[in-house]
Each structure stands twice: as structure tokens, then as C-alpha cells.
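The values are calculated or read from the model by the stated rules, or taken from the named source; none is laboratory data. Just so it is clear, the model here is predicted, and its values are computed rather than measured. Glycine gets a Cβ as well: all are built from the backbone with ideal geometry, and neighbour counts include every protein chain shown. All accessible areas refer to the heavy atoms of the entire protein, side chains included, with ligands and DNA or RNA removed. Shrake-Rupley method; radii C 1.70, N 1.55, O 1.52, S 1.80 Å.
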Amino acid sequence: MNTPLATATSTPSALVHPSIHPDERAAREELAACYRVFAMLGWVEMIYNHITVRLPDSVTGGEKQFLINPFGLHYSEVTASNLVKIDLQGKVLDGSSYPVNPAGFTVHAAIHDGLPGAHCVMHTHTTAGVAVACLEGGLQQTNFYTAQLHGMVAYHDFEGITIHADEGPRLLQSIGNRNAVILRNHGLLAWGQTLPQTFAILWTLQRACEIQMATFSMGAAIPVSEEIAERCTRDALQFSPAHGAGQDVFNALVRQVDRIDPSYRN
């Protein structure tokens, strides 16, 4: 699909930092756990797609740096130590010999840079997500999950493989302040203030797409009114920081991953 930004000159190896900042270590473990959660849920596209986390200022001194998956590894192979730290230009900052996929840093860097609240960005090519992204009408307000995303979904028109930096401003304009994004003809994207919050948004969007795809295969759907959808989104608490913003759900899934294979912590 996409060629790597840089190719390793030797066999790629994970970088181990004996004196890594504790905030970076925590970010690496949480992100590596999320990759394993995605693998467990089947939200994988071979070695493609990305989940990124912007490192806190306590680690970077105010520089905009983020962690991304090493290109060439399946999500089930990602660990805290082999995640790659890069800047907004895709430059590797931690000495990792793993390559980086340009489609990852181009889109994600634009969002991390352009949206102050975008601590985490997730992108998927699930069957249901891509199917709805290819549908002329997009996501329809016809089920329990779409009703919880009223006014939260943005659309961005397809411009080809996302390796051109000039698409960044147009992407940001399309997104505005909406955390759930449907990339037309392409897939799903979500961003949020924390990784668990971003996961909760993406999970809700994914479920909405799955149910829509199943419903439309059977016939016409019953629409949900604007009034009801507005109320559902108002009443839904899973995205709110005051109610954990998805932390409890994410923790439950990480516990499942730990029972299967806790090697992501390495």
C-alpha cells in the first residue's frame, strides 16, 4: 500500500531506554496496550493504520512529539519499547531502527499539530467503517449508537493516499471541532483528549457503522429524530471526563489483553 518513510539499514530492533521519563514510559505502555486491544477486536489491516499519542510537555519540554507504531509489525507485535518517537516532520527521535509509514505521520501530525486537544488519534480500515465511508449518504441517524454521536461526526472527502502534507489544512477544516471523522471512501478516524476517550469515540462510531451495515442489508431503517438524537448525545456520558471518558471500558479490555499476552509492557 504505502512505502515506508525510511528503511532500516539493519534488522530493526526495539530501543530500550534505561532512564526513560516515567511519563513517557506510561504513555508507551498505554499505547502499546491499545494496539493489542485493537488486535484482539480485529481492528487491524495487516501492518497498516495507526494509533498515535502526543507526548506530554513534561517529556518533550514543549516540543510536539508523538509515538507511532513501527511500520512492518502487526498490532499484536507492538510493545512499549518498539513504539517509535517522531516529530511533526516524521523524524525519528529515539534512535529506533524501525521505519515509519508516511501515511501515518502525515495525517496524524496534522491533527496533533492543528488541534490542541488532540492528545490521541486513531485510524481504522474496518469493513463496516470503510463500507459506510463509501456510502453516498454516509452514517445515517438510525440506531442507538448513531444517536449518541449527534453533531459529533465530520466528513473529509477522499484525496488519495494520505502522504501529501498539503492535505493537512483541508483535513483540519473538514474536522473542525468534531471528534468522530469519516474519511470518505477510506475509513474512520477519532481524536480525543486522552487515549481512553478517543477509544470510546471510535468504538461508538464503529458500532454505529456495524449496525447500519447490518440493518441496511435487510431493508429500510427506522430513522431517529433530531430531538431524540440530541437528547441521546446529551445523556450519553461515556465521552465525558467527569465520568471517566472511557477509562473503565479501556481498563476492562486491557485486563483481557493481559490474560492473553502481557508482553506489550516490555
Pick from segment 91-120, criterion over 17 Å from the mean Cα position of the chain (by Cα) and not hydrophobic (A, V, I, L, M, F, W, C), ranking: most open to solvent (accessible area, probe 1.4 Å): LYS91
task: Being open to solvent by 10 Å² or more (accessible area, probe 1.4 Å), in contact (Cβ under 8 Å) with a residue 12 or more places away in the chain and within 20 Å of ARG231 (Cα to Cα) narrows it down to one of HIS150, HIS164, so name that one.
output: HIS150
- prompt: Within segment 92-102, is even one residue modelled with pLDDT under 95, under 19 Å from ASP166 (Cβ atoms) and not in a loop (DSSP other than H, G, I, E, B)?
  reply: yes
task: Identify the residue in segment 213-266 that is of a type in the set (Gly, Ala, Ser) and more than 22 Å from LEU139 (Cα to Cα) and, among all such residues, is most open to solvent (accessible area, probe 1.4 Å).
output: ALA242
query: Residues of segment 172-194 being among the small types (Gly, Ala, Ser) and either outside any helix (DSSP H, G or I) or open to solvent by less than 40 Å² (accessible area, probe 1.4 Å) (or both), which ones?
result: GLY176, ALA180, GLY187, ALA190, GLY192
- prompt: Checking ILE111 against (1) assigned to a helix (DSSP H, G or I); (2) over 24 Å from ARG184 (Cα atoms), which test does it fail?
  reply: (2)
message: Looking at segment 195-248 only, could you name the residues that are small (Gly, Ala, Ser), part of a helix (DSSP H, G or I) and farther than 26 Å from THR127 by Cα?
response: ALA242
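Would you call ILE161 under 18 Å from the mean Cα position of the chain (by Cα), under 22 Å from THR106 (Cβ atoms) and assigned to a helix (DSSP H, G or I)?
Values: under 18 Å from the mean Cα position of the chain (by Cα): yes; under 22 Å from THR106 (Cβ atoms): yes; assigned to a helix (DSSP H, G or I): no.
No.
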query: Among (1) over 30 Å from ASN101 (Cβ atoms); (2) touching a Ser or Thr at 6+ places or on another chain (Cβ under 8 Å); (3) β-branched (Val, Ile, Thr), where does THR162 come up short?
result: (1)
